[in-house]
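Undergrad: Handing you this structure, nothing more for now.
Each reported figure results from applying straightforward, stated rules to the coordinates on display, with no laboratory input. Here the structure is a predicted model, which is why all the values come from computation and not from measurement. Here the Cβ is made from the backbone with ideal geometry for all residues, glycine too, and neighbour counts use every protein chain on show.
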Amino acid sequence: MNDRMTTASRPAGSVLALCGGVGGAKLALGLYRTLASGKLTIAVNTGDDFTHLGFRISPDIDTTVYTLAGIADPARGWGRNHETWNFMAAIEELGGETWFRLGDRDLAMHVERTASLKAGKTLTEFVAHAARKFGIDAQILPMTDNNLRTIVVTDEGELPFQRYFVERRCEPVVRALRFGGATQARPAQELLEALSDASLRAVVICPSNPYLSIDPLLAMPELRRAISRTNAPVIAVSPIIGGQAVKGPTAKIMTELGIPVTIQSIAAHYRGLIDGLVIDTSDAQEEANLDIPVLSTKILMQDQPDRERLAEEVMAFAGECKLRNVDSRLRRRAGGKPA
């Protein structure tokens, strides 16, 4: 069976989500549960990928797969449920690195992915295979099959993303972010096909960290151009509620980069790419300061009904933006860039 979904086989009226991390996976699950079967394509950040203990690790891909398969650990939000840690205990006995923890059940994904890549398969092909095995009928795409890596420039020097995020627990002060290999990397062909599909209903930028989880995708010039030129409405969901990050170090990084932790900053970051912004009701007072359509609603997803409600509201908002926001899409096709 061919693991790749072509333009011809993609269901009409599909939705494309850009995703990374736990927050992004939550909304991706909401979209998955509310859209018709086979209607969702998810492009996932791979800037966090790295090799550890000899295994190729794809944290955001695995979080997305496990979440849609219903086997993610509900407490941690990442990794598999009902996990055990015998492998890590044995590694520790041998004096090995234990800062990045691989659970026994989770380890199977890393073993199979590493073997698949060594056998000449692409990451896209392996992810399609894994999704099918877990019974997922959404199309989950790594953003690229090329090496594109997030590097965090800190007051202690440059750190690979996982060293900063997991080993150092985001403690060093962030001075800048860069994405190694971005100008040479090509987006997954299936991702470009999804964006050029005339029947695409919407592009949804999930409430992932804009700087760590979405910017690696947008750092690829070909993908940024494709998003700016799509006829589908592009809707971003804010990762900020009341000046605080929903999850993770978004607010910390914004502060250290000298960016105000506000809805206006999120809108400015995506300027030239989005046709509408979804914000929390606690930030509704900022709507008057924005020059794009805004949906104010409860964006904190505490349970599955929250995820599905938000997904439905985002899709309804996308439909409204498609009808009233032609001028914005013309500006995107003209090559608008974020502030």
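Undergrad: What number do you get for the chain when its Cα radius of gyration is normalised by 2.2 N^0.38 Å, N = residues?
TA: Details: Rg = 19.1 Å, N = 339, 2.2 N^0.38 = 20.1 Å.
Against the empirical 2.2 N^0.38 Å value, I get 0.95 for the chain.
Undergrad: Count charges around Trp85 for me, please; just the other residues with Cβ under 14 Å from its Cβ, Lys/Arg as +1, Asp/Glu as -1. Could you put the intermediate results ahead of the total?
TA: Working: positive: Arg76, Arg80, Arg101, Arg105; negative: Asp73, Glu83, Glu92, Glu93, Asp104, Asp106.
Taking every other residue near Trp85 into account, the sum is -2.
Undergrad: What FRET efficiency, computed as 1/(1 + (r/R0)^6) with R0 = 30 Å and r the Cβ-Cβ distance, is obtained for Val153 and Phe100, rounded to the nearest 0.05?
TA: Working: r = 21 Å, r/R0 = 0.70.
Taking R0 as 30 Å, the efficiency between Val153 and Phe100 is 0.90.
Undergrad: Choose one answer from Gly13, Gly70, Gly96: the residue with the largest mean-square fluctuation in a GNM of the chain with alpha-carbon springs under 10 Å.
TA: Gly96
Undergrad: Any idea what the alpha-carbon Rg over 2.2 N^0.38 Å comes to for segment 1-140?
TA: Details: Rg = 15.6 Å, N = 140, 2.2 N^0.38 = 14.4 Å.
With N residues counted in segment 1-140, Rg over 2.2 N^0.38 Å equals 1.09.
Undergrad: Net charge within 15 Å of Glu308 by Cβ-Cβ distance, Lys/Arg positive one each and Asp/Glu negative one each, not counting Glu308 itself? Intermediate results must be reported in sequence, preceding the final value.
TA: Numbers: positive: Lys26, Arg33, Lys39, Lys298, Arg307, Arg309; negative: Asp303, Asp306, Glu312, Glu313.
Summing Lys and Arg as +1 and Asp and Glu as -1 gives +2.
Undergrad: From the Cα gyration tensor of segment 158-261, with a ≥ b ≥ c the square roots of its eigenvalues, which class applies: rounded if a/c is under 1.5, or else prolate if a/b is larger than b/c, or else oblate? Write down the numbers at each step before the final one.
TA: Values: a/c = 2.66, a/b = 1.56, b/c = 1.70.
Oblate, because a/c is 1.5 or more while a/b does not exceed b/c.
Undergrad: To continue, here is another question. What's the center-to-center distance, using Cα atoms, between segment 31-79 and segment 162-180 in Å?
TA: About 21 Å separates the Cα centre of segment 31-79 from the one of segment 162-180.
Undergrad: Within a 10 angstrom radius of the beta carbon, how do Cys19, Cys170, Cys206 rank from fewest other beta carbons to most? Provide the component values of the computation, followed by the final result.
TA: Numbers: Cys19 32, Cys170 17, Cys206 26.
Exposure proxy ranking, most exposed first: Cys170, Cys206, Cys19.
Undergrad: I've got another one for you. When Lys and Arg each count +1 and Asp and Glu each count -1, what net charge do the other residues less than 14 Å away from Asp280, Cβ to Cβ, add up to?
TA: On the way: positive: Lys247, Lys298, Arg309; negative: Asp283, Glu286, Glu287, Asp306, Glu313.
So the surrounding residues net to -2.
Undergrad: Turning to a different aspect of this structure: What Kirkwood hydrodynamic radius, in Å, does segment 195-322 give when the mean of 1/r is taken over all pairs of distinct Cα atoms and then inverted? Spell out each step's value before the answer.
TA: Details: mean 1/r = 0.0668 Å⁻¹.
Radius from the Kirkwood sum: 15.0 Å.
Undergrad: Let me ask you something else. Calculate log10 I(q)/I(0) of segment 104-201 for q = 0.12, 0.16, 0.22 Å⁻¹, where I(q) comes from the Debye formula with a single equal point scatterer on each Cα and nothing for solvent.
TA: Reported log10 I(q)/I(0), two decimals: -0.58, -0.93, -1.13.
Undergrad: To make sure I understand, if each residue's beta carbon is the centre and we count other beta carbons within 10 Å, what order do Leu177, Leu68, Leu217 fall in, fewest to most?
TA: Working: Leu177 20, Leu68 24, Leu217 28.
If I rank by nearby Cβ atoms, fewest first, I get Leu177, Leu68, Leu217.
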